[in-house]
There are 2 protein chains.
Amino acid sequence: MHFVIIGGDAAGMSAASRARRQMPDLQITVFEKTSDVSYSACGMPYNIADPKRDIADLVVRPAQVFRDKQNINLLTGHEVRGIDIENKVVSGTAAGGKSFETAYDKLLIATGASPILPAVPGIDLPGVLALKSLADGRKIKTVLAQRAVKDVVIIGMGYIALEMCEALSARDIRVSMVKPRSRLLPWMPSQLSQVVRATLDDHHVGVYDGHTIEKIEPVNHQLRVVCTELSLTADMVIVATGVRPNSTLAARAGISLGAGGAIGVDAHLKTNIADVYAAGDCADAFHVVTDRKTWIPLALRANRAGWAVADNITGKQTSLQGVAGTAVFKLFELEVARTGLSETEAREAGYDAQSIVIKSRSRAHAHPGASNVWVQMIGDKETGRLLGTVMVGHEGVAHRINAAAVALHSRMSVARFSQTDLAYAPPFGPVWDPMLTAANQLLKKMPQTT
Amino acid sequence: MHFVIIGGDAAGMSAASRARRQMPDLQITVFEKTSDVSYSACGMPYNIADPKRDIADLVVRPAQVFRDKQNINLLTGHEVRGIDIENKVVSGTAAGGKSFETAYDKLLIATGASPILPAVPGIDLPGVLALKSLADGRKIKTVLAQRAVKDVVIIGMGYIALEMCEALSARDIRVSMVKPRSRLLPWMPSQLSQVVRATLDDHHVGVYDGHTIEKIEPVNHQLRVVCTELSLTADMVIVATGVRPNSTLAARAGISLGAGGAIGVDAHLKTNIADVYAAGDCADAFHVVTDRKTWIPLALRANRAGWAVADNITGKQTSLQGVAGTAVFKLFELEVARTGLSETEAREAGYDAQSIVIKSRSRAHAHPGASNVWVQMIGDKETGRLLGTVMVGHEGVAHRINAAAVALHSRMSVARFSQTDLAYAPPFGPVWDPMLTAANQLLKKMPQTT
């Protein structure tokens, strides 16, 4: 049996490795269009922050190890350009321009996602850089090493933009962030996003929301980002305005797309075409709260989906429950986390959403070093179910969110969650964990349920 | 209606306050035999660690506030000595020796727990101190302030003993710990308890397990703890060998006892006697894993039970799901946490327990500052259910355990838990959180379930 994988990052290489472990005589071919495989994309901002670290540190397992130790035919510099689902053949072009063609028995599409670049003049100027692939990270690091970069403008204010903002500040670079929408992190309530904004202010980051980018133009040896009623000059411009799934190749082959324009898959990661699977950032997933399809491109679910595909093609039936959209990021001394639906998402999904925001403490009453923790908790008034949680604080937020994530997987009610036996010791939280205080307060606003 | 509460700490005062909020015209009387109410007992080691902090900092709400702001008839220095369940009357003796007697409509017994003192000669010598009540903490602090205490022997090696060990070390006191059993923290696998022991060694704490204490005797101005094949001399001896529920008063009144000699209560905190409730360290509870009664005296469940009693007597029906036995403590730079059953407890409860121990990292591949995290996970081979988790590490352990705690409340299988969408960002963990790695590894040793 020949297992062909398009894309050699998280989902693709997870699938390849696991398939090999489970079926030693399987023929496995991976086509990766870049020269990089199996790296920690999420680690790039932290690597960029440190001039002494090599970007190659982020490679989890070098290509040669997959080839030599796992007998995986890993072909980098190979771009697949067509999938013939009738004849079960993929074809494409190798780095030197040579074309290739291979028959498959089972196919995994793991083509990932690409940055969305705003369609403005100057977006293709040198010094305007996105951050998605390891090549992007390498390019940014090279520029930072070669030139005196004192000012950077970041277009976008999402996770990656904010992480890059911290990374560049660590290198004593002045950072300005700009975006068209007028709300920072619109999925959080304003009481929480104000905490994020205050942290950016404390670190002298320029935050310019509500400014549409009109063009980017070269000015002397710098770049000028021209917006409505604003113009920012920088030595480098980083574009972090989100990503889109790389699903065109699949769509052209006749494979159905699902949520967010990603490849539609079932709980077994199967597409609508026999023997064709999709996993990772290019594929959609079920949301454990809504049971509907969603597209949330994050690392854990890519790895998990890769494993599940390997299971399913090697004979072990694995179906995935879905994602809760749990995410966390660090912004200077702040931890920001979420799981489940935001209040807006809950309303859009048709829930009778009720939310509460509470401010609690990271450690016990009278324990030194305590800081504030803000929690937004969202429940469904009709069924009493917990729908989502957003949290911001200086400590203990990143892992605290997981309790709510597990509750979402269990379809727990807010009432039941409020009764969970969470850990307590004075250095780590109040007797009533901030999550429990949020649940207790939310319950007061909801009809009594159990 | 007259609501009488015996005991003015966590459970008692939580019940009093909540009952007042929910029923403004309720007559509420609290009898507390000591002079202290509503303090954070768990905060005592941290308070003792700092000579500059007053022990009174641990009082969450002073007695006068309950009296003046909440119209609660809070009588300190009042020891209840008898409960007449026929006539619904409690009686006792006040501080000055005067006796009192009061009729109740609803009674809450919240008498807490008391330290178990080993029955050895010298246990009552001055300088041999337990740590349970605020008075105990005050006594220890007074001795530390008045005398040059250079050496302390702690009898016992549980949570409180270990927290005290850190607290005294912070005051440059040499600490030795001694206990009869030969295993440190016997509920954890040896791979994890070795990490705890190594931390104690690093901090030059003498750990003498497997030594039965024969007597304590005064030697010059010091105390000598004489054990089998060992003799330790100290300026102070702290006894932290566990606690027992204060249930004698209830038992004498004809109220049935349950698990661990604690007062037996149902999910509504009712005893076997009409209109008599019990809550906190003196009462038992259901365990969410076994559904059987258990006695695990911890702060959160005491507060929660107090609230539930207030609900139930003021007309809002509240039943408690039970406890998972989630607990955490800090030992120098180490965080130690558990939830659910230990492997031994699981076997004793009749489960076909399978466990795994894994070592993972606290942060992502290549992220600076990562340290080891050890996880033991225990599952039931018959049903596939998660039964318990024990964790040790330098960061992220205290809150990580909560994900497993919520899973226990949901009766999740290890397979389902392994699919939960936990938060990932490089500063906070690997892509596969240590808990997920543990679940994935445990699954390999269990029959396939979902």
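The values are calculated or read from the model by the stated rules, or taken from the named source; none is laboratory data. Since this is a predicted model, take the numbers as computed values, not measurements. FYI the Cβ positions are ideal-geometry reconstructions off the backbone, even for glycines, and counts take in every protein chain you see. Heads up: the accessible areas ignore ligands, DNA and RNA and are worked out on the full protein's heavy atoms, side chains in. Shrake-Rupley method; radii C 1.70, N 1.55, O 1.52, S 1.80 Å.
Would you check if there is a residue in segment B:251-263 being in a strand (DSSP E or B) and crowded, with 24+ Cβ neighbours inside 10 Å? Scanning segment B:251-263 turns up at least one residue that is in a strand (DSSP E or B) and crowded, with 24+ Cβ neighbours inside 10 Å. If you check B:Gln376, B:Gln441 for being open to solvent by 30 Å² or more (accessible area, probe 1.4 Å) and in contact with a strand residue (DSSP E or B) (Cβ under 6 Å, 6 or more places away or on another chain), only one passes: B:Gln441. Would you call A:Gly242 modelled with pLDDT under 95, out of contact with any helix residue (DSSP H, G or I) (no Cβ under 8 Å at 6 or more places or on another chain) and surrounded by fewer than 21 Cβ atoms within 10 Å (Cβ to Cβ)? Judged against the criteria, A:Gly242 is a match. The set of residues in segment B:54-92 that are in contact with a helix residue (DSSP H, G or I) (Cβ under 6 Å, 6 or more places away or on another chain), closer than 23 Å to A:Pro430 by Cα and at pLDDT 95 or above contains only B:Gln70. Screening the candidates B:Ala324, B:Ala364, B:Ala353 for the property of being without any contact (Cβ under 8 Å) to a residue 60 or more places away in the chain and aliphatic (A, V, I, L, M) yields one hit, B:Ala353. Checked against (1) touching a Lys or Arg at 6+ places or on another chain (Cβ under 8 Å); (2) more than 9 Å from chain B (Cβ to nearest Cβ); (3) within 23 Å of A:Ala285 (Cα to Cα); (4) not β-branched (Val, Ile, Thr), A:Glu348 meets all criteria but (1). Suppose the filter is open to solvent by less than 30 Å² (accessible area, probe 1.4 Å), part of a strand (DSSP E or B) and under 30 Å from A:Ser342 (Cα atoms); does A:Val226 pass it? Considered against the rule, which asks whether it is open to solvent by less than 30 Å² (accessible area, probe 1.4 Å), part of a strand (DSSP E or B) and under 30 Å from A:Ser342 (Cα atoms), A:Val226 comes out as no.
The single condition from (1) outside any strand (DSSP E or B); (2) more than 9 Å from chain A (Cβ to nearest Cβ) that B:Arg301 fails is (2).
Which members of segment B:356-373 meet the condition of being away from chain A (no Cβ under 13 Å) and either of a type in the set (Val, Ile, Thr) or open to solvent by less than 20 Å² (accessible area, probe 1.4 Å) (or both)? Scanning segment B:356-373 gives B:Ile356, B:Val357, B:Ile358, B:Ser360.
Applying the set (1) at pLDDT 95 or above; (2) assigned to a loop (DSSP other than H, G, I, E, B); (3) within 14 Å of chain B (Cβ to nearest Cβ); (4) farther than 26 Å from A:Ile123 by Cα to A:Ile296 leaves exactly one unmet item: (4). Just one residue in the set A:Leu125, A:Leu117 is of a type in the set (A, V, I, L, M) and either open to solvent by 50 Å² or more (accessible area, probe 1.4 Å) or assigned to a strand (DSSP E or B) (or both); that residue is A:Leu117.
When B:Ala56, B:Ala15, B:Ala11, B:Ala94 are screened for being within 14 Å of another protein chain (Cβ to nearest Cβ) and touching a Leu at 6+ places or on another chain (Cβ under 8 Å), only B:Ala11 passes.
Going by the structure shown, is B:Ala234 out of contact with any helix residue (DSSP H, G or I) (no Cβ under 8 Å at 6 or more places or on another chain), surrounded by fewer than 18 Cβ atoms within 10 Å (Cβ to Cβ) and either under 22 Å from B:Ala41 (Cα atoms) or not basic (Lys, Arg) (or both)? So B:Ala234 does not fit the description; no.
Got at least one residue in segment B:416-437 being facing chain A (nearest Cβ under 8 Å), under 21 Å from the mean Cα position of the chain (by Cα) and modelled with pLDDT of 95 or more? No, segment B:416-437 has no match at all. Taking into account only those residues within segment B:283-293 that are outside any loop (DSSP other than H, G, I, E, B) and buried (at least 23 other Cβ atoms within 10 Å of the Cβ), which is farthest from the other protein chains (Cβ to nearest Cβ)? The qualifying residue farthest from the other protein chains (Cβ to nearest Cβ) is B:Ala283.
Counting only residues that are surrounded by 20 or more Cβ atoms within 10 Å (Cβ to Cβ) and assigned to a loop (DSSP other than H, G, I, E, B), segment B:61-108 holds 2 of them. The residues of segment A:128-137 that are in contact with a Pro (Cβ under 7 Å, 6 or more places away or on another chain) and open to solvent by 30 Å² or more (accessible area, probe 1.4 Å) amount to a single one, A:Lys132. Only one of the numbered conditions (1) open to solvent by 30 Å² or more (accessible area, probe 1.4 Å); (2) more than 22 Å from B:Ala16 (Cα to Cα) is not met by B:Asn272, and that is (2).
Restricting attention to segment B:310-324, the residues that are hydrophobic (A, V, I, L, M, F, W, C) and not in a helix (DSSP H, G or I) add up to 3. Can you say whether A:Thr383 is surrounded by fewer than 23 Cβ atoms within 10 Å (Cβ to Cβ) and in contact with a strand residue (DSSP E or B) (Cβ under 8 Å, 6 or more places away or on another chain), as far as the supplied structure shows? The answer is yes for A:Thr383. Within segment B:386-415, restricting attention to residues that are facing chain A (nearest Cβ under 7 Å) and part of a loop (DSSP other than H, G, I, E, B), the residue that is farthest from B:Ser190 (Cα to Cα) is B:Ser410. Listed by first and then second residue, the pairs linking a residue in segment A:5-32 that is over 24 Å from A:Leu249 (Cα atoms) to a residue that is open to solvent by 10 Å² or more (accessible area, probe 1.4 Å), with Cβ atoms under 6 Å apart and 6 or more places separating them unless they lie on different chains, are A:Arg18/A:Trp307; A:Arg20/A:Gln70; A:Gln22/A:Thr314; A:Met23/A:Thr314; A:Leu26/A:Met1.
Just one of (1) within 30 Å of B:Ile356 (Cβ to Cβ); (2) hydrophobic (A, V, I, L, M, F, W, C); (3) open to solvent by 10 Å² or more (accessible area, probe 1.4 Å) fails for B:Leu200. It is (3).
Check whether at least one residue in segment B:315-327 is open to solvent by 20 Å² or more (accessible area, probe 1.4 Å), small (Gly, Ala, Ser) and within 14 Å of chain A (Cβ to nearest Cβ), and report yes or no.
Checked segment B:315-327: at least one residue is open to solvent by 20 Å² or more (accessible area, probe 1.4 Å), small (Gly, Ala, Ser) and within 14 Å of chain A (Cβ to nearest Cβ).
All conditions but one from (1) free of Cβ contacts under 8 Å to residues at least 40 places away in the same chain; (2) in contact with a strand residue (DSSP E or B) (Cβ under 7 Å, 6 or more places away or on another chain); (3) farther than 23 Å from B:Pro51 by Cα apply to B:Gly156; the one that does not is (1). B:Trp307 meets the conditions (1) in contact with a Phe, Trp or Tyr (Cβ under 9 Å, 6 or more places away or on another chain); (2) outside any strand (DSSP E or B); (3) within 14 Å of chain A (Cβ to nearest Cβ) in every case but one. The failed one is (1). Filtering segment A:1-58 to residues that are buried (at least 17 other Cβ atoms within 10 Å of the Cβ) and either touching a Cys at 6+ places or on another chain (Cβ under 6 Å) or assigned to a strand (DSSP E or B) (or both) leaves A:Phe3, A:Val4, A:Ile5, A:Ile6, A:Ile28, A:Thr29, A:Val30, A:Phe31, A:Glu32, A:Tyr39.
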